[in-house]
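J.: Please find one structure pasted underneath; my questions will follow.
The values are calculated or read from the model by the stated rules, or taken from the named source; none is laboratory data. Computed from a prediction, not measured in an experiment: that's the story for all the values here. Here Cβ is always computed from backbone atoms with ideal geometry, including for glycine, and neighbour counts include all displayed protein chains.
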Amino acid sequence: MFKDKTLLITGGTGSFGNAVLSRVLETDIRQITIFSRDEEKQHRMRNAFKDERIKYVIGDVRDFNSIRSALKGINLVFHAAALKQVPSCEFYPLEAFKTNVTGTENVICAAEYEGVEKIICLSTDKAVYPINAMGLSKAMMEKVAKAHAQNAHKTAAIITRYGNVMSSRGSVIPLFYEQAKSGQNLTITDPSMTRFMMTLQQAVDLVFFAFENGEAGDIFIQKAPSSTIGELADSMIRLFGDKNETQIIGHRSGEKKHETLLTKEEMIIAQDLGDYYRVPMNLKEEDYNGFISKGQRSIEKADEYNSFNTRRLEKDELEFLLNGLGYQK
């Protein structure tokens, strides 16, 4: 699907961008453009990836002309640029809106102008029943992408939703590792709190699946197991710590006990594709009359898909995943 194509990755210097780049370089793609604001990280990537197919562009998704210029001649876009740390977005909600919502609108509209075929927008479980500024901004990002899709534009905007991507920026795992290695207590909010667990490579699998199978307005999620925060902390201590203990500090502002990847309403229309769920665009949303004259099956017949009712990882499964992250004892 990438043969002779060109791909642009917004926020390409982040953990997602690096993982996607590594995988796409294994294909016969013609060119990959890394679009981001951070010249220092771009410099590091130049030294790490010695491939003439990679092009680096300094720019900001908040600037329409900046992203439009970078999209000339591009076939596919993976839109990963975002403010995604919950505390930062809580302190600066308007900044989260500018990047996650207005930035996404800029990317999609610029992609439309330049004739891009598909754009995959990265979302999060925090966009489902959002209670914090980061989740709210990502929920609005999804609405922007779906509204674009409803107008039958030539650029297909598709959404991928993720749970906790292990060891990515914003994940609790790097914090636990640093605490374990330095002999500190591992600070946990609630030991019974649950989170989805996905590796970066599984997250990239979802991007590839969406590029290959997605249509305008689709939402894709990968079925993922979960772990409690208490079990995660205990495993980190066994693998990378010594005599560390856990310290319960209580719930933080904007934090849920369990995260949700699909709502009840979405589960009613979701298609089970084995390892994935696909939520097609709800056709009744295409016109105003649909909100008045058309209903859908009762949501009482469906359950949301969340980190509590998904499969729970066994201890050895969790530790196998943690050992694969590249951390040293």
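J.: Would you mind finding the one in Glu265, Glu231 that is in a helix (DSSP H, G or I), in contact with a helix residue (DSSP H, G or I) (Cβ under 7 Å, 6 or more places away or on another chain) and under 20 Å from Gly135 (Cα atoms)?
T.: Numbers: Glu231 fails: under 20 Å from Gly135 (Cα atoms).
Only one candidate passes the filter, namely Glu265.
J.: Which of the residues belonging to region 1-43 are under 15 Å from the mean Cα position of the chain (by Cα) and assigned to a loop (DSSP other than H, G, I, E, B)?
T.: The first filter runs over region 1-43 and keeps only residues under 15 Å from the mean Cα position of the chain (by Cα), leaving 9-20.
Matches in region 1-43: Gly11, Gly12, Thr13, Gly14.
J.: Might you let me know whether region 65-88 holds any residue that is hydrophobic (A, V, I, L, M, F, W, C) and more than 24 Å from Ala19 (Cα to Cα)?
T.: Within region 65-88, not a single residue is hydrophobic (A, V, I, L, M, F, W, C) and more than 24 Å from Ala19 (Cα to Cα).
J.: Which residue out of Ala82, Ala111 is assigned to a loop (DSSP other than H, G, I, E, B) and closer than 20 Å to Asp60 by Cβ? Steps first, answer last, please.
T.: On the way: Ala111 fails: assigned to a loop (DSSP other than H, G, I, E, B).
Every option except Ala82 fails the conditions.
J.: Right, Arg23: farther than 23 Å from Gly214 by Cα, out of contact with any Pro (no Cβ under 7 Å at 6 or more places or on another chain) and either of a type in the set (Lys, Arg) or buried (at least 18 other Cβ atoms within 10 Å of the Cβ) (or both) or not? Reasoning before the result, please.
T.: Working: farther than 23 Å from Gly214 by Cα: no; out of contact with any Pro (no Cβ under 7 Å at 6 or more places or on another chain): yes; either of a type in the set (Lys, Arg) or buried (at least 18 other Cβ atoms within 10 Å of the Cβ) (or both): yes.
It is false that Arg23 is farther than 23 Å from Gly214 by Cα, out of contact with any Pro (no Cβ under 7 Å at 6 or more places or on another chain) and either of a type in the set (Lys, Arg) or buried (at least 18 other Cβ atoms within 10 Å of the Cβ) (or both).
J.: Listed residues Leu261, Leu325; which is at pLDDT 95 or above and either surrounded by 12 or more Cβ atoms within 10 Å (Cβ to Cβ) or touching an Asp or Glu at 6+ places or on another chain (Cβ under 8 Å) (or both)?
T.: It is Leu261.
J.: Can Gly11 be described as of a type in the set (Gly, Ala, Ser) and surrounded by fewer than 19 Cβ atoms within 10 Å (Cβ to Cβ)?
T.: no
J.: Only residues that are aliphatic (A, V, I, L, M) and without any contact (Cβ under 8 Å) to a residue 40 or more places away in the chain: list them for region 262-272, please.
T.: Taking region 262-272 as the starting set, the residues that turn out to be aliphatic (A, V, I, L, M) are 262, 267-270.
Listed by number, the residues that qualify are Met267, Ile268, Ile269, Ala270.
J.: Using beta carbons and a limit of 6 Å, which pairs, at least six apart or on different chains, have the first residue in region 62-84 and free of Cβ contacts under 8 Å to residues at least 24 places away in the same chain and more than 18 Å from Ala216 (Cα to Cα) and the second one in a loop (DSSP other than H, G, I, E, B) and of a type outside the set (D, E, K, R)?
T.: Close Cβ pairs satisfying both conditions: Ser66/Gly59.
J.: Any idea which of Ser123, Ser168 is touching a residue at least 12 places away in the same chain (Cβ under 8 Å), at negative phi, among the polar types (S, T, N, Q) and assigned to a strand (DSSP E or B)?
T.: Going through Ser123, Ser168 in turn, just one is touching a residue at least 12 places away in the same chain (Cβ under 8 Å), at negative phi, among the polar types (S, T, N, Q) and assigned to a strand (DSSP E or B): Ser123.
J.: Here's another thing I want to ask about it. Taking Cys109 as meeting all but one of (1) surrounded by fewer than 19 Cβ atoms within 10 Å (Cβ to Cβ); (2) touching a residue at least 60 places away in the same chain (Cβ under 8 Å), write down the number of the exception.
T.: For Cys109, the exception is condition (2).
J.: Would you pick out the residues in region 124-134 that are of a type outside the set (A, V, I, L, M) and buried (at least 24 other Cβ atoms within 10 Å of the Cβ)?
T.: The answer is Thr124, Asp125, Lys126.
J.: In addition: Name the one entry in Gln150, Gln179, Gln201 that is under 13 Å from the mean Cα position of the chain (by Cα) and not hydroxyl-bearing (Ser, Thr, Tyr). Let's see the steps before the verdict.
T.: Numbers: Gln150 fails: under 13 Å from the mean Cα position of the chain (by Cα); Gln179 fails: under 13 Å from the mean Cα position of the chain (by Cα).
After ruling out the rest, the residue left standing is Gln201.
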